[in-house]
1. Through the Karplus equation 6.51 cos²θ - 1.76 cosθ + 1.60, θ set to phi - 60°, convert the phi angles of segment 100-109 into ³J(HN,Hα) values in whole Hz; use x for Gly and Pro.
2. For Ser129 and Arg103, what is the calculated FRET efficiency with R₀ set at 35 Å and r taken between the beta-carbons, to the nearest 0.05?
3. When the Cα centres of segment 81-152 and segment 27-60 are compared, how far apart do they sit, in Å?
4. Based on a Kirkwood Rh over C-alpha pairs, give the Stokes-Einstein translational diffusion coefficient of segment 1-65 at 4 °C and viscosity 1.567 mPa s in µm²/s.
5. So how tilted is helix 110-124 from the main axis of the chain? Cα-based, degrees 0 to 90, rounded to 10.
6. Compute the Rg to Rh ratio over the chain from the alpha carbon atoms, using the Kirkwood formula for Rh, and round to two decimal places.
7. Could you calculate the contour length gain from Gln96 to Thr139, that is, 0.36 nm times the residue separation minus the distance between their Cα atoms, to one decimal place in nm?
8. Would you mind telling me the antiparallel percentage of the DSSP bridges in the chain, rounded to 5?
Amino acid sequence: MILPPVSAGTLLLGLWIGFNELLNLGLISGIPRLYAVQAQGFATLYERVHGDYVREPTKFADALRVLNPPRIEQLVNAIRGSNGDVLVVTDDELLQSWKSLLRRGFIIEPSSAIALSGYIKLLNNNYLSKDDETVIVLTGSGLKYIDIMSKI
């Protein structure tokens, strides 16, 4: 299972296309489940897969604020084709994950911490266990958020 943060979806599509190419070359026997993690208020992919989801727009996941991903159908196909799913994370969940990652030495932007929040949500809802092989994708430098980090 792979959990990338998703807004416009280029990272998710890159994973989908890349794993399909590896599969077609016979280098892997299957495609990992892709679990897109989106921010509250900007969960267009979630809405396309599950229906309406209305929440106050995120204040912290500024890199994930895309309402109309240009390749939404391809994103839906990637989720369904990998037997994955889409999760929505609240700002409170995101901040808890960001603080946890910072304490562990990961200097990432808040938007990236959303992937860990998705993982925790899946664990808490018994969709996976700590023994399951999982990749949590952390992207984006947090150095531009140093002023905020000192306040949390």
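What follows draws every value from the coordinates through simple rules; no lab data is involved. All of these numbers come straight from a predicted model, not from anything done at the bench. Using ideal geometry, Cβ is built from the backbone for each residue, glycine included, and neighbour counts are taken over all protein chains shown.
1. 4, 5, 4, 4, 8, x, 8, 8, 10, 6
2. Values: r = 24 Å, r/R0 = 0.67.
That pair, Ser129 with Arg103, gives E of 0.90.
3. 14
4. On the way: Rh = 13.1 Å.
Translational diffusion coefficient: 99 µm²/s.
5. The helix 110-124 is inclined about 70 degrees to the chain.
6. On the way: Rg = 15.2 Å, Rh = 15.7 Å.
Result: Rg/Rh = 0.97.
7. Details: separation 43, 0.36 × 43 = 15.48 nm, distance 1.70 nm.
Gain on stretching Gln96 to Thr139: 13.8 nm.
8. Numbers: 1 of 10 bridges.
For the chain, the DSSP antiparallel bridge percentage is about 10.
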